[in-house]
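One structure is given here, and the rest of the page talks about it.
The values are calculated or read from the model by the stated rules, or taken from the named source; none is laboratory data. As the structure is a computational prediction, the values presented were derived from the model and not from experiment. Note that each Cβ is placed from the backbone with ideal geometry, even for glycine, and that neighbours are counted across all protein chains shown. Note: accessible area is taken over every heavy atom of the protein model, side chains too, but ligands, DNA and RNA are not part of it. Shrake-Rupley method; radii C 1.70, N 1.55, O 1.52, S 1.80 Å.
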Amino acid sequence: MQEVKLTTTLTVYDNLNELVGSDASLMHLAIKVRNTAYAPYSNYKVGAAILLENGEIITGTNQENAAYPSGLCAERVAIFYAGSQYPGVPIKKIAITAAASNGSSNEPVSSCGACRQSIAEYEQKQKTPIEMLFMGETGKVIKMNSLADLLPLAFGADDL
Ligand code: THU
């Protein structure tokens, strides 16, 4: 028997203004599109912006449904669009921002488990890391260098 300790690394920026280059432009874009979320049930609006290896940028927002489980998170709206429109083009990074109507989202909000699993599929397939950037409505930004850092021991195609 042995105990194994898993560690993860992340970078915390005090605010959006500390981001540079494509990290900054992607997060600004995620903020811009956030308002197109269709979130009449949760009033929780999420924007995602994806940068592909070929320079293309894809955005997505959460789309809810009266039959609640039929809705989809912003990250998956964006990544599935990227996968369908640019099959085989590696994904470099994803910026995500969330705004709650009660104003309680000023801490970085990270992706739900289902989105982590979906993004992990693309990361495993392309064999290069997908960088993840998270923000609330304002405030600190968290950056992780790989989706794998968010989902240790991930289930994937190799397990089948
Ligand atoms: N949501 C996202 O878009 N991304 C996440 O990673 C977490 C949750 C959405 C789903 C739903 O429309 C709303 O936020 C509240 O859960």
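From most to least packed by mean Cβ count within 10 Å, the peptides 79-88, 3-12 give 79-88, 3-12. About its Cα centre, region 20-152 has a charge dipole of approximately 60 debye under the convention of +1 per Lys or Arg Cβ and -1 per Asp or Glu Cβ, with nothing else charged. Residues whose amide H comes within less than 5 Å of that of Ile130, counting only those at least five positions distant or on another chain, are Leu147, Ala148 (H built at 1.01 Å from N in the peptide plane). Taking the dipole about the Cα centre of the chain, with the C-beta of Lys and Arg at +1 and of Asp and Glu at -1, give me whichever of Leu147, Leu6, Thr61 is farthest to the positive side. Selected residue: Thr61. Region 89-160 and region 46-62 have their alpha-carbon centroids 12 Å apart.
Accessible surface comparison of Glu121, Glu131, probe 1.4 Å, protein chains only, largest first: the order is Glu121, Glu131. On a per residue basis, the chain carries 55 Å² of accessible surface, using protein heavy atoms and a 1.4 Å probe.
Look at the Cα gyration tensor of the chain: its axes a ≥ b ≥ c give a/c under 1.5, and that counts as rounded. In terms of the mean number of neighbouring beta-carbon atoms within 10 Å, the peptides 107-120, 59-72 order highest first as 107-120, 59-72. Of the residues Asp14, Asp158, Asp149, the one with the largest accessible area comes first in the ranking Asp158, Asp14, Asp149, computed with a 1.4 Å probe on protein heavy atoms. Contact order, relative form, for region 2-160: 24 percent (alpha carbon pairs under 8 Å, 6 or more residues apart, mean separation divided by residue count). Shown for the chain: the carbon plus sulfur share of the solvent-accessible area, taken with all protein chains present and a 1.4 angstrom probe, equals 52%.
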